[in-house]
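Engineer: Sharing a structure, written as structure tokens. Questions coming.
The values are calculated or read from the model by the stated rules, or taken from the named source; none is laboratory data. This is a predicted model, so every value here is computed, not measured. Here the Cβ is made from the backbone with ideal geometry for all residues, glycine too, and neighbour counts use every protein chain on show. Remember, those area values only see protein heavy atoms, side chains included, never the ligands or the DNA or RNA. Shrake-Rupley method; radii C 1.70, N 1.55, O 1.52, S 1.80 Å.
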Amino acid sequence: MFSRTLTLILIACTSTFSFSQSHPYPGPDLQDTYQRLLTEINKIPAFDHHAHPGFFDDPDVDAMAAPPGAAPLRERDSNPELIAAAKALFNYPYDDLSPEHAKWLAAQKRGLKQQQGTAYWSNILDKLNIEQGVANRAMMADYLDPARFKWVFFADSFMWPFNNLQQTNRNPDEKVYIPLQEKMLHRWMQQENVTKAPATLDAYLQFVTRTLEDNQKKGAIAEKFEVAYFRPLTFSDPSKQQAEAVYKKYIVGGVPTEADYRVFQDYLFRYLIREGGRLHLPVHIHSAVGIGDYFNISESNIMKLENILRDPRYSDTIFVMIHGGYPLEREAIWLASVHNVYMDSSLMEVVMYPAAFKDSLKQWLETFPDKITFGTDAFPYNETLGAEESYWLGVQTVRTGLAGALAEMVSSGEVTEAKALEMAHAYLHDTAVSLYPGKVQ
């Protein structure tokens, strides 16, 4: 009798263990689970954590322009998915994007823009079930409804107050980028009624802080850095006295050496992120591969920011790593172990096809699912391939890739279906919204 009882207990324990043990391969329920999850995921109103909404001829869509460079396969005009996007958004009647048919699409957009006014971009969000989204722009546009689009402004230009001849001449990309940073700095100075660069570093820092505070009052919810386009992401830790010496030397003239400029920029970058913490203004940092022929991937490696992200002096600053360090997203997710560091998946879902994106997102979901957020990186590439189509591309990839990743996790015994939907809500909406209490919904 005792032996039989012991056997039944062992069988029960073994059965329970097998039921709760995850396994490496999905089961035969995978497709049905995927369809159920996708149906529910499509219903979730999303918060787009990173995008550049606007028209192709609006110079304020970004603080810089794109120099010539190679585009990955999926971002090329030849991508047939763009036809599907045009059909879904604009009832496009053709099955190709020939020059003649592309003219029809451009004309259709212009007509809707005139008819709908400020409702045009809100209607695009409605069609894609995006509740609200970030407008990552140099300046906000009056054609964007502030109830639907929240401003994130660029802070890089504060790091370029001196004669930038040496920096501009480094390569052809910088001949495009650096003058636009000078222009952006001049616009901030005009906004703050500063007619020339202040004579002292203290006065310059006061100007920087006033700009951050005034932008926040104008509705900005975060500050953004594209600094990887202009210089390496390795930041030293100079003293204020060192930065003062550089500022005093070059604000009156002369071309800074590379080493001197880095001292000033390293100090100012740290000042800006410290102010972000004080003002409860999260810091967004471009952390992935970039455009142009001279973007240096090794120097922009997201892991070079680890000394910043793990610095206890900035524990009150919320960091959002825009584009999730792609193509180093597998390593980057471990930075999200820091309590104030979050990952944004924008760009990844536009460059990667759903099958590849699913695998990257699954690894994130299996590691720190409460620290990842959705973004499209929608951008108006030209009159035909606009932010509208890239919004669609990002949303479709994310919702299908997310359903695929979660279906595999459910079918492999990693999470329940209820938990999977909870994770979907967090990634698509709840986690990002929690970073801006009272400012977004």
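Engineer: Of Ala51, Ala63, Ala70, which residue is at pLDDT 90 or above and either β-branched (Val, Ile, Thr) or within 30 Å of Gly133 (Cα to Cα) (or both)? Step through it out loud before you land on a result.
Structural biologist: Details: Ala63 fails: at pLDDT 90 or above; Ala70 fails: at pLDDT 90 or above.
Selected residue: Ala51, the only one of Ala51, Ala63, Ala70 that is at pLDDT 90 or above and either β-branched (Val, Ile, Thr) or within 30 Å of Gly133 (Cα to Cα) (or both).
Engineer: Does Val440 fit the bill of being farther than 21 Å from Gly27 by Cα, hydrophobic (A, V, I, L, M, F, W, C) and at pLDDT 95 or above?
Structural biologist: Details: farther than 21 Å from Gly27 by Cα: yes; hydrophobic (A, V, I, L, M, F, W, C): yes; at pLDDT 95 or above: no.
Here the answer is no, as Val440 does not meet what is asked.
Engineer: Okay, moving on. Going by the conditions given, is Gly325 over 15 Å from Leu435 (Cβ atoms) and touching a Gly at 6+ places or on another chain (Cβ under 6 Å)? I'd like the intermediate steps shown before the answer.
Structural biologist: On the way: over 15 Å from Leu435 (Cβ atoms): yes; touching a Gly at 6+ places or on another chain (Cβ under 6 Å): no.
Spelling it out, it is not the case that Gly325 is over 15 Å from Leu435 (Cβ atoms) and touching a Gly at 6+ places or on another chain (Cβ under 6 Å).
Engineer: Further question: I'm trying to understand the selection: among the residues of the range 265-285, which are within 18 Å of Leu205 (Cβ to Cβ) and either in a strand (DSSP E or B) or open to solvent by 40 Å² or more (accessible area, probe 1.4 Å) (or both)?
Structural biologist: Matches in the range 265-285: Arg274, Arg278, Val283.
Engineer: Then there's this: Name the residues in the range 351-396 that are among the charged types (D, E, K, R), free of Cβ contacts under 8 Å to residues at least 60 places away in the same chain and in a loop (DSSP other than H, G, I, E, B), would you?
Structural biologist: Initial filter on the range 351-396 (among the charged types (D, E, K, R)): 358-359, 362, 366, 370-371, 377, 383, 388-389.
Pick out the ones that are also free of Cβ contacts under 8 Å to residues at least 60 places away in the same chain and you get 358-359, 362, 366.
Passing the criteria: only Glu366.
Engineer: Right, next: Against the definition (free of Cβ contacts under 8 Å to residues at least 60 places away in the same chain, among the aromatic types (Phe, Trp, Tyr) and either outside any helix (DSSP H, G or I) or in contact with a helix residue (DSSP H, G or I) (Cβ under 6 Å, 6 or more places away or on another chain) (or both)), how does Tyr294 come out, yes or no? Steps first, please.
Structural biologist: On the way: free of Cβ contacts under 8 Å to residues at least 60 places away in the same chain: no; among the aromatic types (Phe, Trp, Tyr): yes; either outside any helix (DSSP H, G or I) or in contact with a helix residue (DSSP H, G or I) (Cβ under 6 Å, 6 or more places away or on another chain) (or both): yes.
Spelling it out, it is not the case that Tyr294 is free of Cβ contacts under 8 Å to residues at least 60 places away in the same chain, among the aromatic types (Phe, Trp, Tyr) and either outside any helix (DSSP H, G or I) or in contact with a helix residue (DSSP H, G or I) (Cβ under 6 Å, 6 or more places away or on another chain) (or both).
Engineer: Here's another thing I want to ask about it. How many residues are crowded, with 24+ Cβ neighbours inside 10 Å and of a type outside the set (Asp, Glu) if we restrict to the range 48-60? Write out each step before concluding.
Structural biologist: Step one: of the range 48-60, the residues crowded, with 24+ Cβ neighbours inside 10 Å are 48-51, 53-54.
Narrowing the set further to residues that are of a type outside the set (Asp, Glu) leaves 49-51, 53-54.
Qualifying residue count for the region: 5.
Engineer: Under 7 Å between Cβ atoms, which residue pairs at least 6 apart in sequence (or on different chains) link something in the range 180-194 that is touching a residue at least 12 places away in the same chain (Cβ under 8 Å) and acidic (Asp, Glu) with a partner that is buried (at least 16 other Cβ atoms within 10 Å of the Cβ) and not in a helix (DSSP H, G or I)?
Structural biologist: Close Cβ pairs satisfying both conditions: Glu182/Trp160; Glu182/Asn164.
Engineer: Another question about this same structure. Yes or no: the range 302-323 includes at least one residue that is crowded, with 21+ Cβ neighbours inside 10 Å, at positive phi and modelled with pLDDT of 95 or more.
Structural biologist: yes
Engineer: Right, something else. Is it fair to say Val152 is on the phi < 0 side of the Ramachandran plot and crowded, with 21+ Cβ neighbours inside 10 Å? Steps first, please.
Structural biologist: Numbers: on the phi < 0 side of the Ramachandran plot: yes; crowded, with 21+ Cβ neighbours inside 10 Å: yes.
So Val152 passes the test.
Engineer: Still on this model: If you go through the range 208-264 one residue at a time, how many are aliphatic (A, V, I, L, M), closer than 23 Å to Asn193 by Cβ, open to solvent by 10 Å² or more (accessible area, probe 1.4 Å) and touching a residue at least 60 places away in the same chain (Cβ under 8 Å)?
Structural biologist: Kept after step one, since they are aliphatic (A, V, I, L, M), are these residues of the range 208-264: 208, 212, 220-222, 227-228, 233, 243, 245-246, 251-252, 255, 259, 263.
The next check asks that each one be closer than 23 Å to Asn193 by Cβ; those that pass are 208, 212, 220, 251-252.
Remaining after also requiring open to solvent by 10 Å² or more (accessible area, probe 1.4 Å): 251-252.
After this cut, where a residue has to be touching a residue at least 60 places away in the same chain (Cβ under 8 Å) as well, the list is 251.
Number of matching residues: 1.
Engineer: Next question, about the same structure. Identify all residues within the range 60-80 that are in a helix (DSSP H, G or I) and either of a type in the set (Ser, Thr, Tyr) or under 30 Å from Gln441 (Cβ atoms) (or both); write none if there are none. Don't jump to the end; show me each part of the working.
Structural biologist: At the first step, the residues of the range 60-80 found to be in a helix (DSSP H, G or I) are 60-61, 73-75.
Matches in the range 60-80: Asp60, Val61.
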